[in-house]
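A.B. asks: Before anything else, here's the structure in question.
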Amino acid sequence: MGSLRRKERQLIFYVSLLLMVGLGILKYLFPDLEVKMLSQGLIIMAVFLGLHMFLNILKYKCDLYLLPMMAALSGIGLVFLYRLEPAYAERQFWWIIVGAVSFIIAILTTKDYRKLGQFKYIYILVGLLALIVTVVFGTRVGGSTNWITIGQFRFQPAEVVKLFLVLFLASYLVDKKELLAKPKLEHLGPLLVMWGMSVLFLVSQKDLGTALLFFGTFLAMLYAATGKLTYITIGSLMFSGGAAVAYFLFGHVKVRFDIWLNPWADIDGKGYQIAQSLFAIGSGGIFGSGLGFGKSSIIPAVHTDFIFATVLEELGFIGGIGVISLYLLLIYRGFKIALRAKNDFGVMLATGLTCLLAIQTFIILGGVTKLIPLTGITLPFMSYGGSSLLANFILIGLLCSISHREEEEYEK
Amino acid sequence: MKNNIIRLIYIVLAPFIILSLYLGYLHLFQGSFLATHPKNPRVIELEKLVNRGKILDREGLILAESVDTNGLTIRRYPYGETFAHVVGYVSDKRIKTGLEASYNDVLLGLTKKPSLKNYLAKLQGKPNEGFNLVTTLDSELQVLGQQLLGGKRGAIVALRPQTNEVLALVSAPSFDPNQLKANWASLNADEAQKPLLNRATQGLYPPGSILKIMTGAGALEKDPELKEIFYCPGYIQVRNYKLNDTAVHGKIDFERAMAVSCNTTFATLGLSLGSEEFYNTALKVGFLKSLDFDLGVNKSFIPAASELPVEDLAQSAIGQGKILATPLHMALLASVIANNGKMIEPSLITQVQTNAREVIEEIKPKEGQQVFSEATVGRIRNAMVKVVTEGTGKNAQIKGVEVAGKTGTAENPHGDPHSWFVGFAPAQNPQIVVAILVENGGQGGKEAAVMAKAIIERALKD
């Protein structure tokens with residue numbers, strides 16, 4: 001087997017060790033957990049090893065660290081899901097497998113990812129269509145109506161739409177970047193319309209987290225393409241203005257903002273989720289109370305948005321910083337791919353995808369720790385969520401594809 | 001474009017750095033607040049697993065302890081209703097009061113520093129031991145105070161000057177914290193007696209004449225040479241208001257005025273101070289301020305200077321009108337004189353110990369600020385001595401001891417006036433400061449002064 005990707009194999013081995021130790025501890029502490037948990041853990045590691053072999057067979061030259069980090073984050077997420085909600089953990093197990101398959105499909109269909117740059121208007125149309133579908137057919141889950149239910153199966157189109165958004169922006173900005181250097185309305189126009197509509201749809205669905213994500217990614221990519229700080233400044237001002245309007249117009253926005261400022265005023269009511277999250281974080285201390293010893297299961301949505309609170313309680317400040325570091329490493333590798341790419345579209349696409357991951361991660365980590373107001377959005381790879389897992393596996397797949405293609409350029 | 005991306009990397013990275021620093025901040029500065037918060041379910045669970053620490057008086061006598069009876073752990077208060085308000089209670093409705101509440105985290109051992117020894121004990125499954133609180137309280141004085149008040153409504157506060165350690169904090173009527181569950185409903189419903197109320201720290205009463213100590217001090221600070229001879233015809237006309245005196249005192253000086261509690265004199269002094277300075281003097285001695293104390297204390301009240309027209313100012317100068325104070329605060333006022341002009345915040349705890357008597361923490365008495373000059377205080381002290389030797393406080397006289405004091409008879413709209421007495425002894429080298437309040441007790445010189453004598457005598461016996 002290739003010594004080409006040996007480092008990747010080694011890292012996956014360490015991740016497997018981490019996963020099995022975690023599952024082992026859980027089985028010891030909670031004897032009621034089914035033994036198939038352990039076999040599922042082994043299967044997941046085999047799956048990631050399988051992806052590694054797949055890349056090897058293709059003689060892929062993509063970044064060696066993407067796959068192991070993805071495995072580490074998914075694995076840690078899986079361990080915590082078994083700890084919190086074993087039923088969901090099993091579903092997550094299947095979704096990881098689906099994710100792995102989509103990763104393979106993403107790699108195989110983007111042999112030359114540059115071809116993706118030709119479909120910009122299709123992306124935005126599909127994206128908007130998907131969002132419109134949720135407005136019409138959407139069902140309410142938690143605070144937002146941004147879900148589609150088919151039988152027993154719940155899906156969040158926004159998670160996949162975000163990839164379309166980045167594809168659209170990357171292709172559009174690459175074509176028009178010189179023109180955008182001078183902020184002229186005619187060039188900015190279609191952009192603003194496309195973006196504006198998506199944000200509005202999301203806000204109307206009360207999916208504020210995704211709206212913020214779209215907004216942030218848009219600004220980041222605009223800045224990357226034009227280098228004009230004015231865009232970021234104006235954008236931030238617009239955001240603040242919009243947020244202020246939303247505060248006064250929408251009751252639920254006001255609530256979110258108020259409990260961010262002072263959850264203690266309503267500890268048992270609206271502030272309950274954040275207060276309990278903070279209690280979990282504070283009770284963990286520097287070293288954590290130990291895997292399985294925390295009491296974070298009372299936090300609502302602990303298996304989705306608030307999984308990080310459990311990490312902080314049981315693995316402590318140290319564990320929390322560790323997980324943050326994993327995300328930072330992933331983000332760093334993503335930007336490295338962007339910087340190494342020789343093709344402009346590749347640069348933009350890699351930047352956009354990395355920003356997507358970075359901003360989403362920050363939004364939820366910040367919200368759960370009360371650094372910023374809470375918005376409902378998943379923590380990539382760790383939160384329970386099929387659509388999220390799928391979208392993020394595809395995201396990494398695309399990054400891999402770009403990375404491989406661009407490394408090939410260096411060998412020419 | 002690559003340059004933009006490099007800059008973008010910094011912009012994207014910055015929030016994560018901030019997040020990490022913020023997490024560090026959370027753990028360092030809010031960690032113990034969050035980990036010991038009463039609404040944190042882990043604390044509630046922990047309580048069931050921990051051997052809650054004891055609360056002890058200054059000699060080590062047990063005021064509160066957890067005992068195992070038939071496998072059930074209950075909290076026992078050996079002194080029953082004597083310490084009910086200050087020690088507080090732990091009810092099984094998760095209500096906590098008094099020191100049981102304010103030092104909950106210490107009693108549960110939550111303030112334990114993480115160490116290898118503690119971790120090993122946790123692994124071995126050893127039950128967590130809470131810490132014991134050693135208070136400044138003197139059981140003998142507290143029991144005496146309780147007996148003195150008997151069935152009356154009121155409060156007794158006794159402090160040791162120089163440190164302002166609280167030797168006794170009595171509130172009556174009281175209740176038996178050992179029988180809380182059985183009596184909960186009736187205790188709460190008793191609107192007339194309000195046994196659950198800690199009158200010493202929460203009760204707000206018009207101070208009456210004992211506030212003349214403050215008025216006098218304020219006047220002396222302004223005019224240290226005060227030699228004025230006042231003329232008291234038995235009343236003073238303040239614009240549209242006639243302020244009556246208890247008697248016609250004729251020509252009197254400052255010390256004599258204090259001794260006989262001449263309203264005319266002190267109203268005059270208050271008026272010459274003016275509302276601004278009177279108000280500021282009150283602030284200096286702690287009115288409107290929250291006290292940093294181990295138990296919650298109600299803030300004593302004085303209206304703003306702009307809301308003190310001369311009529312109200314005259315009344316306030318003699319401790320009537322809208323002025324309200326807690327008995328603890330009035331004890332502090334007396335302690336300022338006892339401590340040569342220094343206001344020292346009171347304290348209830350001296351040490352935190354393990355069950356094996358190992359001292360975990362020594363709590364030093366608080367520093368204090370100079371509020372009045374020594375000259376001012378000297379004159380007030382002399383005046384207060386005269387109160388007891390020849391004035392309204394004769395009932396507080398003790399053979400062979402120079403007692404300084406001030407009586408107060410506070411008019412109030414609810415019935416007989418409240419009876420007040422504050423004082424300290426021996427006057428030149430104080431060992432004890434007391435404040436007594438008896439609701440509707442009539443003249444201060446009667447009820448309160450008599451109780452003060454008993455407390456001071458017992459305190460000086462050691």
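A.B. asks: All but one of (1) more than 11 Å from chain B (Cβ to nearest Cβ); (2) closer than 30 Å to B:Asn4 by Cβ; (3) free of Cβ contacts under 8 Å to residues at least 24 places away in the same chain hold for A:Ile232; which doesn't?
C.D. replies: All conditions pass for A:Ile232, except number (1).
A.B. asks: Hey, does region B:241-261 have a residue that's in a helix (DSSP H, G or I), surrounded by 16 or more Cβ atoms within 10 Å (Cβ to Cβ) and modelled with pLDDT under 90? Write out each step before concluding.
C.D. replies: Of all residues in region B:241-261, those in a helix (DSSP H, G or I) come to B:254-260.
Keeping just the survivors that are surrounded by 16 or more Cβ atoms within 10 Å (Cβ to Cβ) gives B:254-260.
Now narrow it down to the ones that are modelled with pLDDT under 90: none.
No, every residue in region B:241-261 fails to be in a helix (DSSP H, G or I), surrounded by 16 or more Cβ atoms within 10 Å (Cβ to Cβ) and modelled with pLDDT under 90.
A.B. asks: Collect the residues in region B:272-294 that are closer than 20 Å to B:Ala375 by Cβ and not in a helix (DSSP H, G or I), keeping them in residue-number order.
C.D. replies: B:Val285
A.B. asks: Testing A:Ile359 on (1) facing chain B (nearest Cβ under 8 Å); (2) assigned to a helix (DSSP H, G or I); (3) without any contact (Cβ under 8 Å) to a residue 40 or more places away in the chain; (4) within 30 Å of A:Tyr247 (Cβ to Cβ), one condition comes back false. Which one is that?
C.D. replies: Condition not satisfied by A:Ile359: (3).
Matching residues to (1) under 29 Å from A:Ala280 (Cα atoms); (2) within 14 Å of chain A (Cβ to nearest Cβ):
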| site | (1), (2) |
| --- | --- |
| B:Leu8 | no, yes |
| B:Phe16 | yes, yes |
| B:Gln30 | yes, yes |
| B:Leu46 | yes, yes |
| B:Leu56 | no, no |
| B:Leu63 | no, no |
| B:Asp68 | no, no |
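A.B. asks: Still on this structure, please answer the following. Looking only at residues that are small (Gly, Ala, Ser) and in a helix (DSSP H, G or I) in region A:1-45, which one is farthest from A:Pro86 (Cα to Cα)?
C.D. replies: Filtering region A:1-45 for residues small (Gly, Ala, Ser) gives A:2-3, A:16, A:22, A:24, A:39, A:41.
With the extra rule that they be in a helix (DSSP H, G or I), the set shrinks to A:16, A:22, A:24, A:39, A:41.
Values: A:Ser16: 19, A:Gly22: 14, A:Gly24: 14, A:Ser39: 14, A:Gly41: 13 Å.
Ranking the qualifying residues of region A:1-45, first place goes to A:Ser16.
One line per residue, one yes/no per condition, for (1) surrounded by 15 or more Cβ atoms within 10 Å (Cβ to Cβ); (2) of a type in the set (S, T, N, Q); (3) more than 25 Å from the chain's Cα centre (by Cα):
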| residue | (1), (2), (3) |
| --- | --- |
| B:Ala182 | no, no, yes |
| B:Ser186 | no, yes, yes |
| B:Gly203 | yes, no, no |
| B:Gly216 | yes, no, no |
| B:Pro224 | no, no, yes |
| B:Lys227 | no, no, yes |
| B:Tyr231 | no, no, yes |
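Residues are listed down the side, and each one gets a yes or a no for (1) free of Cβ contacts under 8 Å to residues at least 12 places away in the same chain; (2) crowded, with 22+ Cβ neighbours inside 10 Å; (3) in contact with a Leu (Cβ under 8 Å, 6 or more places away or on another chain); (4) not in a helix (DSSP H, G or I):
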residue: B:Gly270; (1), (2), (3), (4): no, yes, yes, no
residue: B:Gly296; (1), (2), (3), (4): no, no, no, yes
residue: B:Met330; (1), (2), (3), (4): no, yes, yes, no
residue: B:Ala334; (1), (2), (3), (4): no, yes, no, no
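A.B. asks: Something else: Only one of A:Gly385, A:Gly319 is buried (at least 22 other Cβ atoms within 10 Å of the Cβ) and more than 9 Å from chain B (Cβ to nearest Cβ). Can you tell me which?
C.D. replies: Working: A:Gly319 fails: buried (at least 22 other Cβ atoms within 10 Å of the Cβ).
A:Gly385 is the lone residue from the list that is buried (at least 22 other Cβ atoms within 10 Å of the Cβ) and more than 9 Å from chain B (Cβ to nearest Cβ).
A.B. asks: Could you look through region A:335-350, keep only residues that are assigned to a helix (DSSP H, G or I) and more than 10 Å from chain B (Cβ to nearest Cβ), and pick out the one that is nearest to A:Leu395 (Cα to Cα)? Break it down stepwise before answering.
C.D. replies: Keep residues of region A:335-350 that are assigned to a helix (DSSP H, G or I), which gives A:335-340, A:344-350.
So of that shortlist, the ones also more than 10 Å from chain B (Cβ to nearest Cβ) come out as A:337, A:345-346, A:349.
Working: A:Ile337: 13, A:Phe345: 16, A:Gly346: 13, A:Leu349: 10 Å.
Within region A:335-350, the match that is nearest to A:Leu395 (Cα to Cα) is A:Leu349.
A.B. asks: Can you go through A:Phe48, A:Phe54 and tell me which one is under 19 Å from A:Leu326 (Cβ atoms) and in contact (Cβ under 8 Å) with a residue 40 or more places away in the chain? Before you say what the answer is, go through the steps one by one.
C.D. replies: Working: A:Phe54 fails: under 19 Å from A:Leu326 (Cβ atoms).
Going through A:Phe48, A:Phe54 in turn, the sole match is A:Phe48.
A.B. asks: As an exercise: evaluate A:Thr354 against (1) part of a helix (DSSP H, G or I); (2) farther than 30 Å from A:Gln118 by Cα and give the number of the one condition it does not meet.
C.D. replies: (2)
A.B. asks: If you take the residues in region A:292-314 that are within 12 Å of chain B (Cβ to nearest Cβ) and aliphatic (A, V, I, L, M), which one is farthest from the chain's Cα centre (by Cα)?
C.D. replies: For region A:292-314, the residue satisfying everything is A:Ile298.
A.B. asks: Then there is this: Determine the pairs where a residue that is crowded, with 19+ Cβ neighbours inside 10 Å, located within region A:100-126, has a partner that is outside any helix (DSSP H, G or I) and of a type in the set (A, V, I, L, M) with Cβ atoms under 9 Å apart, the partner being 6 or more residues away or on another chain.
C.D. replies: So the pair list comes out as A:Ile107/A:Leu58.
A.B. asks: Might you check whether a residue that is of a type outside the set (A, V, I, L, M, F, W, C) and within 26 Å of A:Arg6 (Cβ to Cβ) occurs anywhere in region A:43-55?
C.D. replies: Yes, region A:43-55 contains at least one residue that is of a type outside the set (A, V, I, L, M, F, W, C) and within 26 Å of A:Arg6 (Cβ to Cβ).
Here is a yes/no grid of residues against (1) farther than 25 Å from B:Gly286 by Cα; (2) touching a residue at least 40 places away in the same chain (Cβ under 8 Å); (3) in contact with a strand residue (DSSP E or B) (Cβ under 6 Å, 6 or more places away or on another chain):
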residue: B:Lys227; (1), (2), (3): yes, no, no
residue: B:Asn240; (1), (2), (3): yes, yes, no
residue: B:His249; (1), (2), (3): yes, no, yes
residue: B:Arg256; (1), (2), (3): yes, yes, no
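A.B. asks: For region A:371-381, indicate whether the set of residues that are under 30 Å from A:Glu8 (Cα atoms), of a type outside the set (Asp, Glu), more than 10 Å from every other protein chain (Cβ to nearest Cβ) and without any contact (Cβ under 8 Å) to a residue 40 or more places away in the chain is non-empty. Reasoning before the result, please.
C.D. replies: Step one: list which residues in region A:371-381 are under 30 Å from A:Glu8 (Cα atoms), which gives A:377-381.
Okay, now just the ones that are also of a type outside the set (Asp, Glu), so A:377-381.
Filter again for more than 10 Å from every other protein chain (Cβ to nearest Cβ), leaving A:377-381.
Next, from what is left, pick out any that are without any contact (Cβ under 8 Å) to a residue 40 or more places away in the chain: none.
No; the residues of region A:371-381 include none that is under 30 Å from A:Glu8 (Cα atoms), of a type outside the set (Asp, Glu), more than 10 Å from every other protein chain (Cβ to nearest Cβ) and without any contact (Cβ under 8 Å) to a residue 40 or more places away in the chain.
A.B. asks: Residues that are touching a Pro at 6+ places or on another chain (Cβ under 7 Å), at pLDDT 80 or above and surrounded by fewer than 16 Cβ atoms within 10 Å (Cβ to Cβ): which helices (runs of 4 or more DSSP H) entirely in region A:188-303 hold 2 or more of them? Give the derivation first.
C.D. replies: Numbers: elements: A:208-226, A:229-249, A:251-261, A:272-284.
It comes to none.
A.B. asks: Right, next: If you check A:Ser16 against the conditions, is it among the polar types (S, T, N, Q) and modelled with pLDDT of 90 or more? Please lay out each step first, then the result.
C.D. replies: Working: among the polar types (S, T, N, Q): yes; modelled with pLDDT of 90 or more: yes.
When the stated conditions are applied, A:Ser16 passes them.
A.B. asks: In the list B:Ile302, B:Ile337, which residue meets the criterion of being more than 14 Å from the chain's Cα centre (by Cα), farther than 24 Å from B:Asn244 by Cα and either of a type in the set (Lys, Arg) or modelled with pLDDT of 90 or more (or both)?
C.D. replies: Details: B:Ile302 fails: farther than 24 Å from B:Asn244 by Cα.
Result: B:Ile337 is the single residue among B:Ile302, B:Ile337 that is more than 14 Å from the chain's Cα centre (by Cα), farther than 24 Å from B:Asn244 by Cα and either of a type in the set (Lys, Arg) or modelled with pLDDT of 90 or more (or both).
A.B. asks: Quick check: is even one residue across region B:33-54 basic (Lys, Arg) and touching a residue at least 40 places away in the same chain (Cβ under 8 Å)?
C.D. replies: Within region B:33-54 (the criterion being basic (Lys, Arg) and touching a residue at least 40 places away in the same chain (Cβ under 8 Å)), the answer is yes, since at least one residue qualifies.
A.B. asks: Tell me which residues, restricted to region B:47-67, are at pLDDT 90 or above and small (Gly, Ala, Ser).
C.D. replies: B:Gly53, B:Gly60, B:Ala64
A.B. asks: Right, something else. Quick one: is A:Ile150 at pLDDT 75 or above and surrounded by fewer than 20 Cβ atoms within 10 Å (Cβ to Cβ)? Quick ask: steps written out before the conclusion?
C.D. replies: Details: at pLDDT 75 or above: no; surrounded by fewer than 20 Cβ atoms within 10 Å (Cβ to Cβ): yes.
No; evaluated as a whole, the condition is false for this residue.
A.B. asks: Enumerate the strands (runs of 3 or more DSSP E) found wholly within region B:345-462, keeping only those where 1 or more residues are acidic (Asp, Glu). Steps first, please.
C.D. replies: On the way: elements: B:349-353, B:359-362, B:404-410, B:418-425, B:432-438.
Result: B:359-362.
The values are calculated or read from the model by the stated rules, or taken from the named source; none is laboratory data. Please read all numbers here as calculations on a predicted model, not as lab measurements. Reconstructed Cβ throughout: ideal geometry from the backbone, glycine too, with neighbour counts over all protein chains shown.
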